[in-house]
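Working notes for the structure below.
Each value in this text was obtained by applying a stated rule to the coordinates, not by laboratory testing. Quick caveat, the model's predicted, so the values are computed rather than measured.
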Ligand code: HEC
Ligand code: HEC
């Protein structure tokens, strides 16, 4: 029996997907699900994830004129809307004595490609001529090693400080009525369908780590990683490429296609991003909490992925007591059981952020699913969730 099979069986026997069991051994990972996860592929995907705009300057520069907005944006204001600075892209000492109230510093940072998720071309007169965004804008943050907002990249971690709506609303090209909607979202949220159906139920930016072994992405399980990557790159970021989904009546074709050929490497990189390790604060409580979890939660949050969606299952909003308005806008009209990974690192929870803390999540389920948990069981369950 192979090591992979053995560890899968052991994990199943222990009915856990906690640390260790979600880890796919390297040899298996290289061909996981038929994906090429070679180091070269992953490195190329990392480059795309961090720096590739897919030609979306057509949206952010030509249409939204964000290059003009950013030209006058000082770093303090940029950090206040949640933009992050990659400390590793900065030559030593460059921030010493820098005036973070001076927009010229923002331009200098862009020249160094140090603003996470924003890629710009700057001319000899320090004017921004083209500007676009990358996947890292919403799905990376930094560890604040230098100061809040400035540090080493954490790819796959959702940027819950980022206020994408407020940033888009800065554009002179956005009509006042749409600005009201964009400004209503708040930090850490984005509505990836507002520009398609005009409705407004923003989603919490999800992590893009811990996806290996998960069949369908998005809160409503719309499709696999590359389906959703193409959707976002073309219909949301405004990338220059193709995306087609007859279920949504979308068929966008732009030549040259700067998206499709990049999807395999981009997928490899995302699948390589593991959820951060989460050691228990209180081992005994977490152990007791696992029992509560197995009794009440594992029917849906099953296996090492923490989701029953790999078998195609979805759940109506009433099953979990969350708001059904977002699901109603999607093809499936129901929610995917969210895989539980790195939970303690990315509050708030549920698609709409309606649970601020893990205590709120547990109190919510206790009420909605009438679990009648004791306060001890609730506290233990939270300790267990913190280890996922
Ligand atoms: C403007 C912010 C934003 C940008 C830029 C963005 N995303 Fe997302 N991403 C989201 C939101 C919001 C969702 C949740 C969508 C849903 O569940 O319906 C999401 C969902 C995802 C998911 C699914 C996670 C899960 O657990 O289901 C992945 C993977 C992902 N994005 C990867 C990417 C990649 C790769 C790119 C670049 C091509 C990208 N995203 C660009 C906001 C963004
Ligand atoms: C009937 C199936 C089902 C059961 C039972 C269930 N869940 Fe869920 N869980 C879901 C679905 C579906 C979602 C996504 C709901 C949403 O976002 O609106 C979810 C989301 C979550 C989230 C949010 C994750 C995130 O990243 O936002 C947590 C945490 C969670 N569940 C924990 C639990 C716990 C703890 C239990 C047991 C007390 C439990 N679930 C029982 C289906 C279930």
Worksheet item: For segment 45-270, what is the convex hull (Cα atoms) projected area averaged across all directions, in square nanometres?
Response: 12.3
Worksheet item: When the helices in the chain are scored as -39500 (n - 2.57) per DSSP H run of 4 or longer and the sum is shared across all residues, what 222 nm value do you end up with, to the nearest 500 deg cm²/dmol?
Response: -9000 deg cm²/dmol
Worksheet entry | Degrees, to the nearest 10: 358-368 long Cα axis against longest axis of the chain | 60
Worksheet entry | Highest-MSF residue in the chain out of 92, 187, 75 [GNM, Cα springs under 10 Å] | 92
Worksheet item: To the nearest 10 degrees, how steeply does helix 375-385 sit against the main Cα axis of the chain, on a 0 to 90 scale?
Response: 50
Worksheet item: How long are the three semi-axes of the equivalent ellipsoid for the chain, computed from the Cα gyration tensor as the root of 5 times each eigenvalue, in whole Å, largest first?
Response: 36, 23, 23
Discussion item. Relative contact order of segment 45-270, please, whole-number percent, based on alpha carbon pairs below 8 angstrom and at least 6 residues apart.
Written reply: 22
Discussion item. If I fit a long axis through the Cα atoms of helix 39-51 and take the longest principal axis of the Cα atoms of the chain, what angle between them do I get, 0 to 90°, rounded to 10?
Written reply: 60
Discussion item. How would segment 84-182 be classified by its alpha-carbon gyration tensor: rounded, prolate or oblate, with rounded meaning a/c under 1.5 and the a/b versus b/c comparison settling the rest?
Written reply: oblate
